[in-house]
Amino acid sequence: MIGSAYGVTSPVRSFSETLYLEATLKAGQTLELPDAPERAVYVASGSLKAHGSELPTHSMTVFSQETGVCITATEDTRIALIGGKPVGRRFIEWNFVSSRKERIEQAKDDWRAGRFEKVAGDEEEFIPY
């Protein structure tokens with residue numbers, strides 16, 4: 001969908017080295033992951049094995065930069081492969097992610113003060129920080 005893998009390049013414009021693809025694997029099928037500085041596999045349905053570990057449905061596994069990493073479907077499986085060039089250090093707190101801690105503090109203040117737009121279709125409920 002974005003980036004280059006398996007000899008194919010997406011026409012989607014990106015502003016850094018990005019990799020995003022989806023795949024459906026049949027039970028027993030093996031897929032060698034493309035090399036990328038950072039990469040992870042999200043198992044949308046089914047399950048995989050990698051390096052002898054089970055990767056169940058709705059799990060995300062982050063892989064090292066090791067080359068030749070293979071995943072094997074233990075049942076019919078749908079995955080998303082996400083990766084690319086590192087974007088640098090990120091701070092995470094609650095639902096906020098930023099490269100700067102002060103932006104997270106500002107977002108927390110804005111949330112508490114109700115300065116975020118309401119979520120479409122969920123305008124009634126407010127989840128306090």
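Read the figures in this text as sums done on the coordinates, not as results from a lab. Computed from a predicted structure; not experimentally measured. Please note: Cβ atoms are built from the backbone with ideal geometry, for glycine as well, and neighbour counts cover all protein chains shown.
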Averaging 1/r across every pair of distinct alpha carbons in region 1-64 and inverting yields a Kirkwood hydrodynamic radius, in angstrom, of 13.1
The ³J(HN,Hα) series, computed from each phi in region 89-98 with the Karplus coefficients 6.51, -1.76 and 1.60 at θ = phi - 60°, rounded to the nearest Hz and given as x for glycine or proline, is 5, 10, 9, 10, 8, 6, 9, 10, 9, 7
Here, ASP110 and GLU17, labelled 7 Å along Cα→Cβ, have an inter-label distance in nm of 3.1
Here region 103-110 yields Karplus 3J(HN,Hα) values (6.51, -1.76, 1.60; θ = phi - 60°; whole Hz; Gly and Pro given as x) of 5, 5, 4, 5, 4, 4, 4, 5
Any GluC sites (Glu not before Pro) in region 1-60 that lie in a DSSP loop and have at most 15 other Cβ atoms within 10 Å would be GLU17
Output row, site ASN95, 7 Å Cα→C-beta label point, backbone N cut-off 11 Å, window region 104-129, residues 111-112, 116-120, 122-123, 125-129
Distribution output for the chain: share of Cα-Cα pairs per 5 Å bin in percent, first bin at 0, values 2, 9, 15, 16, 13, 13, 13, 9, 7, 2, 0
Cα-based Debye curve of region 53-129 sampled at q = 0.15 Å⁻¹ gives log₁₀ I(q)/I(0) of -0.83
D (µm²/s, integer) via Stokes-Einstein for region 86-129, Kirkwood Rh across alpha-carbon pairs, 10 °C, 1.306 mPa s: value 136
With N residues in region 41-91, Rg(alpha-carbon) / (2.2 N^0.38 Å) equals 1.22
Once THR72 and SER59 are pulled to full extension, the length gained, defined as 0.36 nm per residue separation minus their Cα-Cα distance, is 3.2 nm
In the chain, lysine pairs 8 or more places apart or on different chains with C-alpha atoms under 30 Å apart total 7
